[in-house]
Amino acid sequence: MNLPEVISSAIVPALTILPMPMDSPTARMLLLATGLQESEFKVRRQYGDGPARGFWQCEKGGGVKGVVTNKVTAAHCRNLSLARNVPFNIDAIYGALEHDDVLAAGVARLILFADPRPLPPMDDPALTWACYLRNWRPGKPRPEDWPENHRSALAAVRKDV
């Protein structure tokens with residue numbers, strides 16, 4: 001899937017369901033760069049049948065549990081899941097991530113929203129990398145891929161705005 005498609009078919013619909021302040025060029029850029037880093041928007045189930053699901057590769061006991069139980073994100077996650085006709089519980093949301101790109105984008109945005117630190121400047125690859133590491137805690141981070149993923153995401157968002 002190309003980045004304009006991801007923006008129009010997953011990210012924008014998810015951000016439309018979530019509160020308006022969650023939508024910003026920086027949030028969109030981070031969602032794109034993270035998706036590129038995690039799945040390149042090619043797979044919705046982790047390679048090797050790992051535990052991560054959706055383009056943003058969220059895990060049941062990690063990101064999904066986090067946004068369902070966090071007092072900052074729980075109500076927003078409830079609204080998101082119900083808008084996507086998914087019961088508001090960890091198992092149902094996790095199960096739907098593989099098939100519902102809008103839900104997956106929304107969960108990814110809520111992961112970023114749960115971070116007490118503000119979103120970094122979108123044109124700073126080092127700070128956006130730190131944000132990604134802090135929130136996704138990847139087992140195999142691949143820092144060598146981030147600069148290109150960041151550039152691609154930044155260009156797509158600037159073109160979209």
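Taking 22 Å as R0, compute the FRET efficiency from the Cβ-Cβ separation of R151 and R117 and round it to 0.05.
Step by step, r from the Cβ atoms, then E = 0.45.
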Check your understanding: Given springs between every Cα pair under 10 Å in a Gaussian network model of the chain, which of L103, L127, L31 has the largest fluctuation?
Key -> L127
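First select every other residue whose beta carbon is under 13 angstrom from the beta carbon of T16; then total the charges, Lys and Arg +1, Asp and Glu -1.
Spelling it out: positives minus negatives among the neighbours equals +2.
Computed over the Cα atoms of the chain, what is the convex hull's projected area averaged over all directions, in nm²?
In nm², the orientation-averaged hull projection of the chain is 8.2.
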**Study point:** For region 58-73, Karplus couplings with θ = phi - 60° (6.51, -1.76, 1.60), whole Hz, Gly/Pro x
**Key:** 8, 9, 4, x, x, x, 5, 4, x, 6, 6, 9, 6, 5, 7, 10
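With loop defined by DSSP as not H, G, I, E or B, and exposure as at most 15 other Cβ atoms within 10 Å, which is the longest segment of the chain clear of exposed trypsin sites (Lys or Arg not before Pro)? Mind dumping the intermediate values first?
Numbers: sites that count: K42, K71.
Answer - 72-161.
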Check your understanding: S39's amide H: which non-local residues (gap 5+, or another chain) put their own amide H closer than 5 Å, with H modeled 1.01 Å from N in plane and none for Pro or chain starts?
Key -> none
Review point. Tally Lys and Arg at +1 and Asp and Glu at -1 over the other residues with C-beta under 12 Å from the C-beta of R158: what net charge comes out?
Key: +1
Review point. Between region 22-50 and region 97-161, what is the C-alpha centre distance in whole Å?
Key: 7 Å
Revision key, fill the gap. Straight-line reach check, K60, cutoff 25 Å on alpha carbons, 8 or more apart in-chain or any other chain, hits among lysines -> K42, K71, K140
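Just so you know, all these numbers are worked out from the coordinates, no wet-lab data involved. Predicted, not measured: the structure shown is a model, and the values here were computed from it. Cβ coordinates were reconstructed from backbone atoms using ideal geometry, including for glycine residues, and neighbour counts include every protein chain displayed.
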